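Structure record follows, encoded as structure tokens.
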Amino acid sequence: MIPSVARDNKVFTNEYQYYQKYENFHKSVVQNLARMQHDGNPTRFLDFTTDPLVALFFATQSSLREDASVYLFIRQAFDANSKEVRLSAFIASQKDRNLKQLVKTFNEEEKESISVAEAKMILSRGIFVKPNTIKDPDNLRMLRQEGTFAIPGNLIEKEYITEISPFENDLSFEEIVIPFEYQEEIRKGLVRRGYTREKLLGEADRTIKYDCLSESDISQINPRYIQKAYCQYSVTVESKEFMTVGEMEQLGYRISKDSKADSIWIWFRRPDNDSGNNILIQHWYKESVNKYDWSGSQYKDLTLDETKCDSYITYEYFKANYYRINYKHLPNNPKAKLVNLEVVYKNSKLLLKTNLLKGTKLSLSYRVNDNVEKSVKLEVSEPVTSIDVQSYKEVRKLEVEVIMIVPILQNQSIIKNYGIDFEKIKGDFIQRNENGPSVGYKKFVFNCGL
């Protein structure tokens with residue numbers, strides 16, 4: 001994600017002039033940039049919202065036949081009046097991009113005392129503005145859209161700010177792909193919930209129109225008839241151009257009528273997708289042959305039942321990216337609590353000592369003398385928990401593993417205190433890596449009687 005001011009080198013070079021052109025001297029730099037961004041002028045701000053349906057609205061407004069995306073970030077945010085936000089925005093108001101001069105001017109105008117080293121650290125990373133901290137009653141679009149902003153970091157070379165860094169290069173994010181085929185239906189659903197251009201932008205609502213489809217781009221594959229107690233027809237349809245659900249319904253109806261069959265199955269899929277990986281499955285039929293509890297909705301003189309659960313996106317993305325998909329973890333909270341967990345073996349008992357919260361779900365497994373492993377599930381109830389170990393005449397070696405299960409399987413009170421990715425706790429017991437979810441894990445080995 002690149003902000004509008006950085007998408008054209010000429011615009012980026014003249015950022016200061018754009019700011020001067022639209023500057024309101026009665027407002028702060030942050031307020032001015034927020035208003036400029038919502039008015040469609042080039043800025044170094046990126047639009048975000050705390051309302052996922054607002055994000056979905058803007059993601060599906062293109063008139064191009066292509067997929068869209070909603071990006072999800074869970075990050076630490078800074079108050080609009082913090083030095084981090086004010087300094088990151090301040091760049092836009094300055095012609096001189098020399099870091100030392102920029103810091104000097106900022107300190108003088110903002111009554112701050114930031115060092116060049118601190119400024120470089122702030123400006124090199126992207127930051128989020130905490131929602132509802134930009135106070136500007138004149139910026140109605142920001143209020144209507146429950147908007148907030150991100151300010152990307154900068155590339156600093158030889159003490160000069162030379163360019164803006166793409167925001168997704170900074171830490172982790174989640175991309176949710178919105179298949180083109182369903183965007184028209186999504187827009188209708190958003191309108192029913194009151195998410196319209198008039199509400200969010202103060203503009204008249206308009207219908208999004210796509211270029212017409214070409215018949216030559218549509219292929220019908222493996223058509224065949226089967227004679228049962230009724231005449232059945234089936235075919236797979238591929239289109240080089242993406243089709244809306246409405247267009248697939250119109251085409252499906254036409255194919256069904258042309259087939260003259262009583263029951264028609266049509267599989268819509270994208271070109272080169274595997275068989276069975278469909279965008280939409282249609283079953284058209286004449287009600288006169290429905291003796292099989294088929295269900296559907298009336299479509300002109302036929303009945304249509306649609307299946308959308310096999311949509312291609314998740315499967316195709318996973319298949320194409322299996323070897324490079326990594327878990328994306330939230331950064332640790334600066335105030336993360338240090339958790340401890342130790343196990344002691346004494347008098348044929350394992351004593352588990354921890355400061356984990358009461359109710360934390362754990363799994364403890366142990367193996368005596370390399371024999372069969374035994375497992376115990378437990379919830380923390382006291383600072384010290386005692387577990388009886390199966391009696392053996394002689395214990396030479398005892399291996400113990402303690403696992404704290406993933407956040408989503410913990411009780412809500414635990415998730416609230418530990419975070420949805422255990423980002424609110426830290427310590428050698430907490431394991432976070434690219435190959436799996438965050439868990440708690442620690443291994444203990446006791447060599448006895450040696």
### Query
Quick check, is Val380 in contact with a Phe, Trp or Tyr (Cβ under 7 Å, 6 or more places away or on another chain) and surrounded by 17 or more Cβ atoms within 10 Å (Cβ to Cβ)?
no
*asked:* Criterion first (modelled with pLDDT of 95 or more and in a helix (DSSP H, G or I)) does Arg35 satisfy it?
replied: no
- request: Tell me, yes or no, whether the range 144-152 has at least one residue that is within 26 Å of Lys10 (Cβ to Cβ) and part of a helix (DSSP H, G or I).
  value: no
Practice problem: Considering every residue within the range 189-202, establish whether at least one is loosely packed, with under 12 Cβ neighbours inside 10 Å and in the same structural domain as Gly276 (by TED's automatic domain parsing). | Solution: no
Considering every residue within the range 132-141, establish whether at least one is crowded, with 16+ Cβ neighbours inside 10 Å, polar (S, T, N, Q) and farther than 30 Å from Glu198 by Cβ.
-> no
Of those in the range 407-450 that are without any contact (Cβ under 8 Å) to a residue 40 or more places away in the chain and surrounded by fewer than 16 Cβ atoms within 10 Å (Cβ to Cβ), the residue nearest to Lys377 (Cα to Cα) is Ile408
Given (1) farther than 22 Å from Ser63 by Cβ; (2) of a type in the set (A, V, I, L, M, F, W, C); (3) modelled with pLDDT under 95; (4) touching a Phe, Trp or Tyr at 6+ places or on another chain (Cβ under 9 Å), Ala229 misses just (4)
Residue under question is Ile151, and the condition is that it be more than 22 Å from Pro52 (Cβ to Cβ), buried (at least 18 other Cβ atoms within 10 Å of the Cβ) and assigned by TED's automatic domain parsing to the domain that holds Arg86; does it hold? no
Of the listed residues (Phe242, Phe268), the one being of a type in the set (Phe, Trp, Tyr) and part of a loop (DSSP other than H, G, I, E, B) is Phe242
Selection from the range 306-315 of residues of a type outside the set (A, V, I, L, M, F, W, C) and either part of a loop (DSSP other than H, G, I, E, B) or at pLDDT 95 or above (or both) yields Lys308, Asp310, Ser311, Tyr312
In the range 187-212, residues that are hydrophobic (A, V, I, L, M, F, W, C) and in contact (Cβ under 8 Å) with a residue 24 or more places away in the chain total 4
Can you spot a residue in the range 66-77 that is over 23 Å from Leu190 (Cβ atoms), assigned to a strand (DSSP E or B) and either within 21 Å of the chain's Cα centre (by Cα) or assigned by TED's automatic domain parsing to the domain that holds Leu143 (or both)? yes
- Message: Just to be sure before I move on: is Glu163 in contact (Cβ under 8 Å) with a residue 60 or more places away in the chain, within 25 Å of Asp67 (Cα to Cα) and either touching a helix residue (DSSP H, G or I) at 6+ places or on another chain (Cβ under 9 Å) or part of a helix (DSSP H, G or I) (or both) in the structure I sent?
- Response: no
Inset, instruction - Kindly check whether there is at least one residue in the range 283-303 that is touching a residue at least 60 places away in the same chain (Cβ under 8 Å) and closer than 20 Å to Glu184 by Cα. - result: no
Here the residues within the range 284-305 that are part of a strand (DSSP E or B) and surrounded by 13 or more Cβ atoms within 10 Å (Cβ to Cβ) are Trp284, Tyr285, Tyr299, Leu302, Thr303, Leu304, Asp305
Counting only residues that are part of a helix (DSSP H, G or I) and either surrounded by 15 or more Cβ atoms within 10 Å (Cβ to Cβ) or at positive phi (or both), the range 119-131 contains a total of 4
Take Ser63 and decide whether it is farther than 30 Å from Lys328 by Cβ, of a type in the set (Ser, Thr, Tyr) and in contact with a Lys or Arg (Cβ under 7 Å, 6 or more places away or on another chain).
yes
Selection over the range 383-400 where residues are touching a residue at least 24 places away in the same chain (Cβ under 8 Å), loosely packed, with under 11 Cβ neighbours inside 10 Å and in a loop (DSSP other than H, G, I, E, B) yields a count of 2
Over the range 79-95, the set of residues under 22 Å from Pro42 (Cβ atoms) and surrounded by 14 or more Cβ atoms within 10 Å (Cβ to Cβ) is Ala80, Val85, Arg86, Leu87, Ser88, Ala89, Phe90, Ile91, Ala92, Ser93, Gln94
Listed by first then second residue, the pairs whose first member lies in the range 110-132 and is under 13 Å from Lys100 (Cα atoms) and assigned by TED's automatic domain parsing to the domain that holds Arg97, whose partner is of a type in the set (Lys, Arg) and surrounded by fewer than 16 Cβ atoms within 10 Å (Cβ to Cβ), with beta carbons under 8 Å and at least 6 positions apart or on separate chains, are Val116/Lys100
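The values are calculated or read from the model by the stated rules, or taken from the named source; none is laboratory data. These numbers come from a predicted model, not from an experiment. Positions of Cβ are backbone-derived with ideal geometry, glycine not excepted, and every protein chain shown enters the neighbour counts.
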